[in-house]
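A quick write-up on the structure given underneath.
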């Protein structure tokens, strides 16, 4: 799976993953730091969203698609440049249209740095294709002029 997580330097670890549980790892580089010299919260959110979202993707049937609808991240400890981070995302429950997942981010010593929960909406193959009778004739998120 390619995507944004590759741009920030994190990779899915297939050897530590299975259906419903995915591990994502990466090494903290200077570009991941905030102005205080510790990992930016957006990096934590990215790696956790990637691990949890991939755990949902691992349970999808052919033709289904998914997207994050909510993400709640708690920052427990700071990581610094050179640290190796590992996030595990696990599906707690997968329904027909909603999946619930949790994630934890650890350093190489096994200390939990962050924890997260989120939900993912799941579209069936029929819903993933725009339906012509539902078209409004205007682009999505169209805002009328005042």
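List of remarks:
- Considering residues of the range 100-128 that are part of a loop (DSSP other than H, G, I, E, B) and more than 18 Å from residue 68 (Cα to Cα) only, the residue nearest to the chain's Cα centre (by Cα): 107
- Among the residues of the range 46-70, those that are within 18 Å of residue 125 (Cα to Cα) and touching a helix residue (DSSP H, G or I) at 6+ places or on another chain (Cβ under 9 Å) comprise 61, 62, 63, 64, 65, 66, 67, 68.
- Of the candidates 92, 85, the single residue that is surrounded by 17 or more Cβ atoms within 10 Å (Cβ to Cβ), more than 10 Å from the chain's Cα centre (by Cα) and modelled with pLDDT of 95 or more is 85.
- Exclusive hit being in contact with a helix residue (DSSP H, G or I) (Cβ under 6 Å, 6 or more places away or on another chain) and surrounded by 22 or more Cβ atoms within 10 Å (Cβ to Cβ), set 73, 43: 43
The values are calculated or read from the model by the stated rules, or taken from the named source; none is laboratory data. Everything numeric here is computed off the predicted structure, so don't read it as measured data. Cβ atoms come from the backbone with ideal geometry, glycine included; neighbour counts cover every protein chain shown.
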